[in-house]
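Take a look at the structure below.
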Amino acid sequence: MNICIVGTGYVGLVTGACLAEFGMNLICVDNDHQKIGLLKQGKIPIYEPGLDQLVAKGVQEGRLRFSSSLEEGIQSSLVIFIAVGTPPREDGSADLRFVEEVAKEIAHWMNGYKVVVMKSTVPVGTARWLKQLIQQELSNPIPFDIVSNPEFLREGSAINDFMRPDRVVIGAESEQAMAIMKDIYSALYLIETPFILTSLESAEMIKYATNSFLATKVTFINEIANLCEKVGADVHHVAKAMGLDGRIGKKFLHPGPGYGGSCFPKDTRALFWLAREKGYTFKILDSVIQANELQKQRMVDKIIEMVGDPKEKIIGVLGLSFKPNTNDVRESASIAIIQRLLERGAIVRAFDPAAMEEAKKVLPELGYGNDPYEVAEGAHGLVLATEWNQFRRLDLPRIKTLLREPVFIDLRNVYDPDHMRRLGFRYCGVGR
Ligand code: UDX
């Protein structure tokens, strides 16, 4: 089957490489010529473990190619996946400008029956709007179908999430489109992946409901952690016991500095906005969004409590990406915390195994170290902001001698508080 993916960002590129691995013929299109140029040279513009090998394999085996021509992509494919960006506007609603542009192009170049698949996360109702838009733009009455096929890819483990998903969600209105989609994902039938076949609106809602629920779960445990600090409880024991309740489940109960990344903040705001537009106040979500903002400030307060007035204090920060195994710093709690410390006059020095280049774009004034020890040297306190594996086995006695003050603020609860205190650190975590 010939498939075109429009947009070679994170979602598009992973989808393209994985579908090629499933045996489909892929053409990945982007209007960013520079990006296509890089991809053609075998260079991957994003950091995602395993993606470079998968792309190289697809290209080598002749099932994956890159192009700047939407005309070529559309005309040579039966299925067109739209995976362009849907950035948030000021008010939190999704900006569908790029989706609209692609829809018009599809209508313009359509040369036969097509299945147009909405892959980017878009507000409920977008698929139906897309259908009308393409219909209006078509000069000849060519049949086509619209499908909503949301992705649930986590950065850092996106390939595994695509190849071994918990479920595949397909929203469609025609049997033909449904059959084509099932065919695309037939490799997943073999591993007994559950398929949810549903309407366009339900598929769109599933994505928002899932991410908003997960963001709520993280926020809930963060608030429990804050309360644990006040009553002298250990949030890890609490979370473990909670998670063993089959109705709750143990994942996403790890407290920290607040969720970040390209999805949770955007999707929670977009769902809240969508609800408001429909005349419904989504109260839980409103609280989640606010509590997550407050969580970052709580972390700043925690740091200040440990190091004192931050003015002219040297603070080392380990981790800049919003979570490990990615170079993505979008809505990273670490970045937000650093910004606030800088505003208070602190001298911040940071290290991240992958995200320093990205961080430099938003925080050029920040000092950067080459490793955790350089960052710790002479600092009044060390903050562990992102739980990269390489921060789990630090040479702690060495860190302690390097630091000016033996202050360790562990925003991801990587270390054992008693052990840290025995080593002579003034230590604090989140909720213990
Ligand atoms: C998320 C969803 O998991 C994925 O299904 C969706 O399609 C895109 O958004 P991602 O943004 O890559 O994926 O990150 P994820 O691993 O889900 O973490 C989101 C945020 O929550 C991170 O900032 C992370 O640090 C935080 N988090 C997660 C916690 O603070 N505690 C947890 O227990 C879990």
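The values are calculated or read from the model by the stated rules, or taken from the named source; none is laboratory data. Here the structure is a predicted model, which is why all the values come from computation and not from measurement. Here the Cβ is made from the backbone with ideal geometry for all residues, glycine too, and neighbour counts use every protein chain on show. Keep in mind that these areas ignore ligands, DNA and RNA; they rest on the heavy atoms of the full protein, side chains included. Shrake-Rupley method; radii C 1.70, N 1.55, O 1.52, S 1.80 Å.
Considering every Cα-Cα pair within region 127-217, what fraction, in whole percent, is farther apart than 22 Å?
Here the tail beyond 22 Å accounts for 36 percent of pairs.
Normalised by the residues of region 208-286, what does the relative contact order come to in percent, with Cα pairs under 8 Å and at least six apart?
Relative contact order comes out at 37 percent.
Give me the percent of Cα-Cα pairs in the chain that sit more than 33 Å apart, rounded to a whole number.
Of the Cα pairs, 40 percent sit more than 33 Å apart.
Enter the mean projected area of the convex hull around the alpha-carbon atoms of region 280-432, in nm², rounded to one decimal.
Result: 9.4 nm².
Between rounded, prolate and oblate, where does region 332-377 land on the alpha carbon gyration tensor, with a ≥ b ≥ c its root eigenvalues, rounded for a/c under 1.5, else prolate if a/b exceeds b/c?
oblate
Which whole-number percentage describes the relative contact order of the chain, with Cα contacts under 8 Å and a sequence gap of 6 or more? Don't skip to the answer; put the middle values down first.
Numbers: 841 pairs, mean separation 49.5, N = 432.
Across the chain, relative contact order equals 11 percent.
Quick query: amide H of residue 348 versus all other amide H atoms, modeled in the peptide plane; which residues come in under 5 Å with a sequence gap of 5 or more or a different chain?
Residues meeting the criterion, in which the H sits 1.01 Å from N, are 315, 367.
What shape does region 286-343 take by its C-alpha gyration tensor, where a ≥ b ≥ c are the square roots of the eigenvalues and a/c under 1.5 counts as rounded, a/b above b/c as prolate, and the rest as oblate?
It is oblate, given that a/c is not under 1.5 and a/b is not larger than b/c.
Using just the helices of the chain, give the 222 nm mean residue ellipticity in deg cm²/dmol: DSSP H runs with n ≥ 4 each add -39,500 (n - 2.57), and the total is spread over all residues, rounded to 500.
Theoretical 222 nm ellipticity from helices: -14000 deg cm²/dmol.
If you count only protein heavy atoms with a 1.4 Å probe, what accessible area per residue comes out for region 198-320, rounded to a whole Å²?
Value for region 198-320: 49 Å² per residue.
Using a 1.4 angstrom probe with every protein chain in place, what is the largest-first accessible-area order of 224, 409?
Values: 224 45, 409 0 Å².
Listed by decreasing accessible area, they come as 224, 409.
With the chain treated as a Gaussian network of Cα nodes joined by springs under 10 Å, which of 386, 219, 86 yields the largest mean-square fluctuation?
In the Gaussian network model the winner is 86.
Quick one: which of 290-302, 202-214, 312-324 comes out on top by average Cβ neighbours within 10 Å, and what's the full order, highest first? Walk me through the intermediate numbers first.
Working: 290-302: 18.2, 202-214: 19.7, 312-324: 24.9.
Sorting 290-302, 202-214, 312-324 by mean packing, highest first, produces 312-324, 202-214, 290-302.
Sorted by accessible area (1.4 Å probe), largest first, how do 410, 145 line up?
Putting 410, 145 in descending order of accessible area: 145, 410.
Considering amide H positions built from the backbone, and no H for Pro or chain starts, which residues 5 or more places from residue 169, or on another chain, come under 5 Å of its amide H?
196
Using a 1.4 angstrom probe on the protein heavy atoms only, line up 263, 4 by accessible area, largest first.
263, 4
Return a whole-number percent for the relative contact order of region 1-129, with Cα pairs under 8 Å and 6 or more residues apart as the contact set.
29 percent
Gain in length, residue 138 to residue 250, computed as 0.36 nm per residue apart minus the alpha-carbon separation, to one decimal in nm?
35.4 nm
Please list, ordered by chain and number, the residues whose modelled amide H lies under 5 Å from the amide H of residue 118; skip anything fewer than 5 residues away on the same chain.
For residue 118, the qualifying residues are 82, 147, 148, 149.
Beyond a 23 Å Cα-Cα separation, which of these cross-linked pairs lie in this structure: 230/313; 360/400; 207/360; 35/57; 207/250; 114/266?
Exceeds cut-off: 230/313; 360/400; 207/360; 114/266.
Assuming a ≥ b ≥ c are the square roots of the Cα gyration tensor eigenvalues, decide whether region 2-198 counts as rounded (a/c under 1.5), prolate (otherwise, with a/b larger than b/c) or oblate. Spell out each step's value before the answer.
Working: a/c = 1.32, a/b = 1.18, b/c = 1.12.
The shape class here is rounded.
Extending each Cα 7 Å along its Cβ direction at residue 301 and residue 176, get the distance between those two points in nm, one decimal.
It is 6.0 nm.
Per-residue accessible area for residue 228 at 1.4 Å probe radius, Å² rounded to 10?
Accessible area, nearest 10 Å²: 10 Å².
Tell me the accessible surface of residue 402 in square angstrom (1.4 angstrom probe, heavy atoms of protein chains only), to the nearest ten.
Residue 402 exposes around 50 Å² with every protein chain in place.
Output ³J(HN,Hα) for region 212-227: one whole-Hz value per residue in order, computed from phi by the Karplus curve 6.51 cos²θ - 1.76 cosθ + 1.60 with θ = phi - 60°, and x for Gly and Pro.
In residue order, the calculated couplings are 5, 5, 4, 5, 5, 5, 4, 5, 4, 5, 5, 6, 4, 4, 4, 6 Hz.
Can you tell me the accessible area per residue over region 1-112, all protein chains present, probe 1.4 angstrom, in square angstrom? Working shown, then result.
Numbers: 4780 Å² over 112 residues.
Heavy-atom accessible area per residue stands at 43 Å².
Taking all protein chains as present, what is the carbon and sulfur share of the accessible area of the chain, in % to the nearest whole number, probe 1.4 Å?
For the chain, the apolar C and S fraction of the accessible surface comes to 51 percent.
If I ignore ligands, DNA and RNA and count only protein heavy atoms, how much of residue 98 is accessible to a 1.4 Å probe, in Å² to the nearest 10?
The accessible area of residue 98 comes to roughly 80 Å².
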